[in-house]
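Below is one structure, written out as structure tokens; the observations come after it.
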Amino acid sequence: MKRKITIALDGPSGSGKSTIAKALSEKLDILYLDTGAMYRACGLKAEKSGISCKDEKGVMSFINDIDLKIVYSDGVQHTILDGEDVSKEIRRNEVSMLASDISALKCVRLKMVELQRQIAGEMSCVLDGRDIGTHVLPNADFKFFITASSDVRAERRKKELLFRGQEVSFETIKKEIEQRDFNDSHREFAPLRKADDAVEIDTSDMTPDEVLDKILAITGV
Ligand code: DC
């Protein structure tokens, strides 16, 4: 691909964004930036420091100097916190809610968005998150809003956690997903919202390949 392009994939937890973003980046041979991983790393940092993710003053004490790096090895994103690869640890189910809580803080978002824009400014990429099309890259070349019913999303998350060796009940996951939806879409600063110019795709009854084909047809790249 010669022209530099940016593709924004936003949507709620478990909508399938990351599966699609990964496949899309491979197909187009461009970078995939999982922005949720960055908020997860912030949540993990707070947990390790014994600071509540809702304690804005406490979080402010470390966020500006956070040692967080996103590196790529064989095209796979690795999240490095304080020199340690935490890519696996941040996928723990407990970290999901920490990430949702800490991501509501403006000081955290300002810092993460700075990093995201820096990465997206350097090369073609697909970014997945909650506020990419509305806030991080309002001028992205293509914007998609990926959704699915909460039952489908909970089932997908359950499978993903099981694959990673963590067994959590469907009911617990569904409740957590709905809580995160509420948190993420009701926060004051850059909430989860479909950008006016984003194409919405409900993936409830679609396979990843069908979603990918639809996106490729729309982008025409
Ligand atoms: O996509 P994820 O489940 O890994 O994201 C974890 C949390 O991070 C999510 O509940 C909300 C937050 N997040 C955000 O606020 N903005 C983003 N661009 C990405 C994630």
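The values are calculated or read from the model by the stated rules, or taken from the named source; none is laboratory data. Remember, predicted model here, so these are calculated numbers, not experimental data. What goes into the accessible areas is simple: the full protein's heavy atoms, side chains included, and nothing from ligands, DNA or RNA. Shrake-Rupley method; radii C 1.70, N 1.55, O 1.52, S 1.80 Å.
A few notes on this one:
- By accessible area, using a 1.4 Å probe on protein heavy atoms only, the chain has 49% of its surface on carbon and sulfur.
- Partners of LYS214 within straight-line reach, counting lysines whose Cα lies under 16 Å from its Cα and excluding those fewer than 8 residues away in the same chain: LYS17, LYS22, LYS27, LYS143.
- By the equivalent-ellipsoid construction on the alpha carbon gyration tensor, the stretch 137-221 comes out with semi-axes of 26, 19, 10 Å, ordered largest to smallest.
- Per residue value of the accessible surface for the stretch 1-81 (all protein chains in place, 1.4 Å probe), Å²: 46 Å²
- Remark on the stretch 34-164: ratio of C-alpha radius of gyration to 2.2 N^0.38 Å is 1.07.
- Cα-based equivalent ellipsoid, the stretch 54-94: semi-axes from gyration tensor eigenvalues, Å: 23, 14, 7
- Kirkwood hydrodynamic radius (C-alpha pairs) into Stokes-Einstein, the stretch 1-85, 10 °C and 1.306 mPa s, D in µm²/s: 108 µm²/s
- Note: the stretch 110-173, Cα convex hull, 133 Å³ per residue.
- Diffusion constant of the chain at 25 °C, which comes from Stokes-Einstein with the Kirkwood Cα-pair radius and 0.890 mPa s, µm²/s: 140 µm²/s
- Relative to its Kirkwood radius, the Cα radius of gyration of the stretch 21-64 gives an Rg/Rh of 1.24.
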